[in-house]
Amino acid sequence: MISFFSTVSRASESSLTVESFLSSAITVSPCVFPWHEAKVCRDNFAQILCTLAILSEDRELIDEACAIVKDCGTNSRSFYFFALLRDPQSPTQRKTLIDGLADKESETRSRAYEIVTKLTLTPEEYHTIEDFLRYKNPDIRKNTLSLLMKQGDQSLRDSLTRLLGSKKEESRLGALDMLLQLKEDPKKAYLADS
């Protein structure tokens, strides 16, 4: 039986690094048999590292996996994203989760929104979310507006002021959508008038 620690020490002595795997595919030839070669690409390697982080339940490893979860393929990214971040416990995990609201893959965005709605967000996180209104994708905009509307009255006013003063047309349109929603809500209509 091969010792895990000896394998780790041999790997650290070799020229193969995490960065080399993530930068391009690695071909190992020969692999097991002289006529067989194996190719490990960025997607495979990211999935392996994310799986190890999930199984270890180690906060530091999960933080490191947060940096590479975006390298998982579109078919598996939402699974790894949810498994890693279902209970964010560090600022790195929260930031990755918030960034997931604007991920290029729709299922990942949906999973991120599902988790974020259960969190109590900080003002800085709301600022980050405001910036997602620059995207034209309808579900990013819908989820962003929904989260921004959950702010307290003063924070909502501040958000509206920032968004209406933005140089980006999409952000200003998002603020107008928020104002329309406020007008329709009898409990918060006074915010739209002020």
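The values are calculated or read from the model by the stated rules, or taken from the named source; none is laboratory data. Not measured: the values here are computed from a predicted model. In this analysis, Cβ positions are derived from the backbone assuming ideal geometry, glycine residues included, and neighbour counts consider all displayed protein chains. Protein only, heavy atoms only, side chains kept; ligands, DNA and RNA dropped before computing areas. Shrake-Rupley method; radii C 1.70, N 1.55, O 1.52, S 1.80 Å.
Please state the shape class of the stretch 121-185: rounded when a/c is under 1.5, otherwise prolate if a/b exceeds b/c and oblate if not, all from the C-alpha gyration tensor.
Values: a/c = 1.25, a/b = 1.13, b/c = 1.11.
Note, shape of the stretch 121-185 comes out rounded.
How much length would be gained if the chain were fully extended between Asp153 and Leu119, taking 0.36 nm per residue of separation minus their Cα-Cα distance, in nm to one decimal?
10.4 nm
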Probe 1.4 Å, accessible area per residue of the chain, Å²: 61 Å²
Computed [θ] at 222 nm, helices only, for the chain once each DSSP H run of length n ≥ 4 contributes -39500 (n - 2.57): -18500 deg cm²/dmol
Normalised contact order of the stretch 21-170, rounded percent, pairs of Cα under 8 Å and 6 or more residues apart: 13 percent
Area of Tyr190 that stays accessible when all protein chains are in place (1.4 Å probe, Å², to 10): 110 Å²
Charge sum, other residues only, whose C-beta stays under 15 Å from Cys50's C-beta, Lys/Arg counted +1 and Asp/Glu -1: -3
Size-normalised alpha-carbon gyration radius of the chain, reference 2.2 N^0.38 Å: 1.34
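Going through the stretch 16-108, which trypsin sites (Lys or Arg not before Pro) have at most 15 other Cβ atoms within 10 Å and a DSSP loop state? Let's see the in-between values first.
Numbers: sites: Lys39, Arg42, Arg59, Lys70, Arg77, Arg86, Arg94, Lys95, Lys104; in loops: Arg86, Lys104.
For trypsin sites (Lys or Arg not before Pro) across the stretch 16-108 that sit outside H, G, I, E and B with at most 15 neighbouring Cβ atoms in 10 Å, the list reads Arg86, Lys104.
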Rounded, prolate or oblate (a/c below 1.5 giving rounded, otherwise prolate when a/b exceeds b/c) for the stretch 44-105 by Cα gyration tensor: oblate
